[in-house]
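These notes are about the structure you will find just below.
The values are calculated or read from the model by the stated rules, or taken from the named source; none is laboratory data. Computed from a predicted model, the values in this text were never measured in an experiment. Neighbour counts run over all protein chains shown; Cβ positions are idealised from the backbone, glycine included. Surface accessibility is based on the protein's heavy atoms, side chains included, excluding ligands, DNA and RNA. Shrake-Rupley method; radii C 1.70, N 1.55, O 1.52, S 1.80 Å.
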Amino acid sequence: MVHAHDVQEQLREPARALRRAIPDVYAGYRQMHAAAYAAGALDQKTKELIALAIAVSKECDGCIASHARGAVRTGATESEVADALGVAIAMNGGPGTVYGPRAFAAFREFAEEVDPRQG
């Protein structure tokens, strides 16, 4: 996998162009996203860990980059991410053993920005 930062950079301009073409769709998505990720019975960190595991299941590098970054931003530890990815591997078999490490690398890449001693 390319670095998580590269994935996000590659998607930035095409996403902006599409957002300009269908602003109402993106506005609705932003509203749903904000509601889904707001703290409730589950805190935001747990929701990001769930999203990261689903991103592995969907084999979506852009999603992996986004939710790896979200996991860092919400304070997930490397151990918590590894544990969530273990579940993703258990649920997805072989593909999980490909995309799980991609997700772990992405998390570590973003975590290194916060604490350069990691990684």
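Per residue, the average separation of C-alpha pairs within less than 8 Å and at least 6 apart gives the chain a relative contact order of 27 percent.
Helix 23-37 axis versus longest C-alpha principal axis of the chain: approximately 40°, rounded to the nearest ten.
Built from the Cα atoms of region 1-94, the convex hull projects on average onto 6.8 nm², one quarter of its surface area. Where does helix 4-21 land angle-wise versus the long Cα axis of the chain, in degrees 0 to 90, nearest 10? Relative to the chain, helix 4-21 is tipped by roughly 20 degrees.
Would you work out which of ALA34, LEU11, ALA53 lies farthest towards the positive end of the dipole of the chain, given +1 charges on the beta-carbon of Lys and Arg and -1 on that of Asp and Glu, about the Cα centre? Checking the options against the dipole of the chain, the answer is ALA34.
Cα centroid separation, region 64-119 to region 1-49: 17 Å. For region 97-109, putting each phi into the Karplus relation 6.51 cos²θ - 1.76 cosθ + 1.60 with θ = phi - 60° gives couplings of 6, 8, 7, x, x, 4, 5, 5, 5, 5, 4, 5, 4 Hz, in residue order, rounded to whole numbers and with x for Gly and Pro.
Ligands, DNA and RNA left out, the accessible area of region 7-102 computed with a 1.4 Å probe is 59% carbon and sulfur. Given a cut-off of under 8 Å on Cα pairs at least six residues apart, what relative contact order in percent is computed for region 57-119? Dividing the mean separation by the residue count of region 57-119 yields 43 percent. Solvent-accessible surface of protein heavy atoms, probed at 1.4 angstrom with all chains present, puts VAL7, VAL87 in the order VAL87, VAL7, largest first.
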